[in-house]
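So the structure is just underneath, and the comments pick up after that.
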Amino acid sequence: METLWTPLFAFMIFTLCFGLFGDIIARKTKAIISAIIVGCIIYLIGFLTGIIPTTAVDDTGITVVMSNFGIALMITNLGTLINLKDLIREWKTVIISCVGLIGIAIVAFTIGSWLFGRDYALTSAPPLSGAIIATILTTDAANAAGRPDLAAFATLVCAMQMFVGLPLASKALKIEANRFLKENNLSHSSITNQTTSTAKEKPKEWDINFKILKELPQWMQTPGIILFKLSFVAIIATLLSNLTMFGERTTPLLNVNIAYLLCGIIATEIGFLETNALTKANCFGFLMLGTLAILPGNFKSVTWASLSEMIIPLIGMLLLSAIGIIIMSIIAGKIFGYSPAISAACGLTALFGYPCTQIITDEVVESLSINQEEKKRIQQHLLPKMLIAGFTTVTIASVIFSGIIIPMIF
């Protein structure tokens, strides 16, 4: 049996679990059950029963690639996806979403630590703020600190959080949709007046352009050159982070992962990096697979006994953190004139992100017994906020949040 598990066979099984099975179930359930959940559960059961060797994922060599440079490229690439105009236009949504993450921190440092212990509570915070990248940053730190049990716990949190986030966000969106529908159907004149008012109050298109470099000719926009530039920016970010490790500090003041993200944003804005660079370099799919490959390896030291010990902290932190997000988001939303429902929905996007943000919005709108014109108006009200909120929490805020929280844990 051992001779069967060659690196190539191990890679095939990995792509079978996370790729084929995961994608099929995700499509059938409209992303309510993601490929992450499917793959992680298969590997967890496989490791516990001995069907899958605990070294299977590492034997593929993907995890080495990701730890050496893959994660650095992935986080730097996140910076190339950020549209400053969109963030500025929906600045209230951005702030409300970020404040929601404070709710996770408050729960982790207070009631979560009291009930489940500091280690479990704080380890759950980064994954809850933004799924895969934040989880990997946490698991890497946990494994480096000799705590594989916490790495496994963080992975479980990442895999299960959408089961709490999706139904709560869906309920909040339904409440907001009905509120919006009621307020805008008082009379024909009120609809007309609101439409006119909305047109007048349309957010100003911010004319921001920091681009100082000319676009390279097409023949120079090759995968090799794009990867070179992305790597160059990641190296600059590493050097900047190292410069902040002065005096008696043993860790940089500017976390390297935050530096990757910020340098990626700046390099894209000035025109040095292309938008969505890894996709244009035809490497995003493989590196995303590599990112997923890091997760199941965290289960190799899990036993039935240790798994049973994690269940209560897992469920408890998921529920309490969701409550913390909702409360803080509603408070922030009140300040900016957002309803409690849409504020809660924006904050909860941290627990699932895109494409679930669009899927549940579409499903809520389609479930309403109204005409197509009204559905379109509600869609225009809900979708931009959900997309920006999910992008803010999962892509930007989670990396920064993890960079702050993780040094406090390990």
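The values are calculated or read from the model by the stated rules, or taken from the named source; none is laboratory data. Here the structure is a predicted model, which is why all the values come from computation and not from measurement. No Cβ is skipped: glycine too gets one built from the backbone with ideal geometry, and neighbour counts run over all protein chains shown. Surface accessibility is based on the protein's heavy atoms, side chains included, excluding ligands, DNA and RNA. Shrake-Rupley method; radii C 1.70, N 1.55, O 1.52, S 1.80 Å.
Tell me, what is the percent relative contact order of segment 261-400, built from C-alpha pairs under 8 Å that lie six or more residues apart? Over segment 261-400, the number comes to 19 percent. Working from label points 7 Å from Cα in the Cα-to-Cβ sense, the L213 to N282 distance is 2.3 nm. The modelled label-to-label distance between Q380 and Y354, using points 7 Å beyond Cα along the C-beta direction, is 2.1 nm. For I331 and S231, the difference between the fully extended length at 0.36 nm per residue and the C-alpha to C-alpha distance is 31.9 nm. Only one residue of I96, A234, G324 has its Cα farthest out toward the positive end of the dipole of the chain, where Lys and Arg carry +1 and Asp and Glu -1 on Cβ, and that residue is I96. A Förster distance of 22 Å, applied to the separation of the beta-carbon atoms of L8 and V64, puts the FRET efficiency at 0.90. Taking each residue as 0.36 nm, the span from I311 to T251 lengthens on full extension beyond its C-alpha to C-alpha distance by 18.3 nm.
Quick one: accessible area per residue over the chain, 1.4 Å probe, rounded to a whole number of Å²?
47 Å²
Which angle between 0 and 90 degrees, to the nearest 10, do you get for helix 372-391 versus the longest principal axis of the chain when only C-alpha atoms count? With rounding to tens, the tilt is 40 degrees. Rolling a 1.4 angstrom probe over the chain with all protein chains present gives an accessible area of which 68% lies on carbon and sulfur atoms.
Taking a ≥ b ≥ c as the square roots of the eigenvalues of the Cα gyration tensor of segment 227-332, is the shape rounded (a/c under 1.5), prolate (a/b larger than b/c) or oblate?
Working: a/c = 1.74, a/b = 1.55, b/c = 1.12.
It is prolate, given that a/c is not under 1.5 and a/b is the larger ratio.
The modelled label-to-label distance for the pair K182/Q372, using points 7 Å beyond Cα in the direction of Cβ, is 2.9 nm.
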